[in-house]
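Following: one structure in structure tokens, then a few remarks.
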Amino acid sequence: MKFENSNCAEDSIFFQAMEEVIYSISPLLESDPKYKRYAILERLVVPDRVIKFQVTWLDDNNKIQVNTGYRVQFNNALGPYKGGLRFHPTVNEGVLKFLGFEQILKNSLTGLPIGGAKGGSDFNPKGKSDFEIMKFCSAFMTELHKYIGPRIDVPAGDIGVGSREIGYLFGEYKKITSSYDGVLTGKPYMFGGSLMRPEATGYGLVYFTQAMLEHEKKDPLTGKVCTVSGAGNVAIHTIEKLQEIGAIVVTCSDSEGMLYDSRGVDLKLIKEIKLERRGTLKEYLEVYKDVNYIPVADYPDGGHSVWTIPCYAAFPCATQNELTEVDAKNLIANGCVSVSEGANMPSTPKATELFLTNKICFAPAKAANAGGVAVSEFEMSQNASMQKWSFDMVDERLKETMTQICKRVALTAKDYGVEGNYVDGANIAGFKRVADAMITEGI
Ligand code: GLU
């Protein structure tokens with residue numbers, strides 16, 4: 001395949017995601033000629049459209065600030081475009097194409113009627129006042145509203161976009177369109193958000209891991225030492241569910257360093273620091289003076305200190321390519337049995353390869369972290385029917401969805417002669433559902 005209009009440096013992460021999928025699905029493409037006949041792969045790796053726009057806003061000093069906004073509407077064969085918005089200085093078109101491409105297959109794996117998209121901006125929310133966040137979100141929506149709608153494209157949160165930002169985005173959309181639509185998910189509960197949406201990705205990740213360990217006949221997580229990286233929404237709710245089922249979570253991390261508390265981390269304090277104060281994990285030491293805190297500068301060469309801590313199960317929940325070959329070697333040497341990806345593609349290709357060759361139970365992001373977008377779809381259902389589901393109902397459906405994804409992935413891997421390889425299983429099963437829909441819908 002040739003990619004003529006590609007900005008190679010920016011697109012390298014997109015190529016990384018694509019390469020893995022192309023490799024995984026080659027047995028399917030060989031065994032069934034219809035996918036080649038309908039040029040499915042060529043059509044799937046190019047977004048339906050990439051919308052790029054200027055976002056201009058006034059900071060608290062009345063200075064004009066300019067950022068770039070994006071929405072990559074990748075594929076809507078299975079339902080309206082669906083996927084989060086990321087506000088982070090590293091955002092560019094290549095990063096969003098990678099995330100949007102992954103989202104197509106992730107959303108397909110849920111079995112729900114949602115297509116794939118991603119968007120965001122290079123805006124850095126760090127250090128911004130609440131008013132600045134509000135002004136940025138309004139300016140972003142002034143442009144974005146033209147391209148979205150409850151049956152067209154339904155954005156949600158991702159890194160840097162939580163319920164506060166979704167609230168401001170929703171408010172602006174409503175002001176411009178006068179329409180009280182379920183056009184965004186992850187909304188605060190009081191105006192149409194679903195119960196459990198904040199918890200969904202983390203809880204779903206644990207449900208998937210439980211199902212995978214059971215399927216692979218490994219010990220359950222209860223009583224086991226687990227390591228988690230990150231301290232955002234996904235990491236915090238992964239820790240919460242792990243603690244609830246009796247696992248001992250000893251680490252978490254942020255952009256400045258990592259925390260190792262061998263007694264098990266104090267989640268209440270972490271929530272207070274990260275969610276309420278929007279502070280740094282270093283502040284944990286103000287309460288627990290004897291805890292190990294390792295700043296980023298002291299991490300091992302080419303690696304991350306979280307993965308040097310011996311554990312039964314590891315949960316990378318920070319960002320893409322955070323878990324390297326060095327880290328994978330450390331985890332394997334220390335007897336780690338299972339790795340579940342909470343972030344999107346946190347393991348580098350070399351790390352993934354090591355996990356697979358060493359028969360580690362490896363749950364790839366597009367299957368394991370699909371709980372967030374699944375509950376987003378539940379939110380769309382609730383909004384469309386003007387209903388509110390109970391916490392237990394959402395939780396039950398989330399658990400069921402994650403267990404089904406795990407089964408589908410494991411069975412597909414077995415059917416294609418790669419039993420136990422959840423990477424290939426997820427890529428084949430995800431691709432097949434979208435590809436079959438594309439064929440049925442014609443060109
Ligand atoms: N950003 C999340 C993800 O990576 C959620 C997307 C959504 O809820 O639409 O899956």
Go ahead and set up a Gaussian network model of the chain, Cα springs under 10 Å, then flag whichever of L411, L109, L99 fluctuates most. L411
Mind checking which lysines have their C-alpha under 24 Å from K63, skipping anything on the same chain fewer than 8 residues away? K52, K126, K128, K135
Most mobile of N62, N358, N427 per a Gaussian network model of the chain (Cα springs, under 10 Å)? N62
For a label point 7 Å along the Cα-to-beta-carbon line of I176, residues of segment 124-153 with backbone N under 18 Å: 133-153
Report, in whole Å, the centroid distance computed from the Cα atoms of segment 273-330 and segment 334-405. 21
Can you figure out the FRET efficiency of M190 with R151, using R₀ = 22 Å and their beta-carbon distance, to the nearest 0.05? 0.40
What percent does the relative contact order of segment 36-78 come to when contacts are Cα pairs within less than 8 Å and at least six residues apart? 41
Convex hull of segment 181-308 built on C-alpha atoms - directionally averaged projected area, nm²: 9.9
Could you list which residues have their amide H under 5 Å from that of V161, counting only those 5 or more apart in sequence or on another chain, with H placed in the peptide plane? F87
Given the options T177, T185, T251, which has the most mean-square fluctuation in a GNM of the chain, springs set between C-alpha atoms less than 10 angstrom apart? T177
Using a Förster distance of 30 angstrom, determine the FRET efficiency expected from the C-beta separation of E256 and S129, and round it to 0.05. 0.90
Give the relative contact order (percent, whole number) for the chain; include only Cα pairs under 8 Å separated by 6+ residues. 16
Using a Förster distance of 41 Å, how high is the FRET efficiency between D301 and S385, based on the Cβ-Cβ distance and rounded to 0.05? 0.15
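Using helices alone, what [θ] at 222 nm do you get for the chain, with -39,500 (n - 2.57) per DSSP H run of 4 or more residues, divided over all residues and rounded to the nearest 500?
Working: 15 runs with 198 residues, N = 443.
Rounded to the nearest 500, the figure is -14000 deg cm²/dmol.
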Electrostatic dipole magnitude of the chain [Cβ: Lys, Arg +1; Asp, Glu -1; Cα centre; debye, to 20]: 880
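For the chain, build the convex hull from the C-alpha positions and give me its volume per residue in Å³.
Measuring per residue, one finds 141 Å³ for the Cα hull of the chain.
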Once both labels are modelled 7 Å past Cα along the beta-carbon direction, what's the E214-K36 spacing in nm? 4.1
Can you give me the Cα centroid spacing of segment 98-134 and segment 146-178 in angstrom? 11
Tell me the label-point distance for the pair E143, E272, using the 7 Å Cα-to-Cβ offset, in nm and rounded to one decimal. 4.1
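Read-outs: derived from the displayed coordinates by stated rules, not from any lab. Just so you know, these numbers come straight off a predicted model, no measurement behind them. No Cβ is skipped: glycine too gets one built from the backbone with ideal geometry, and neighbour counts run over all protein chains shown.
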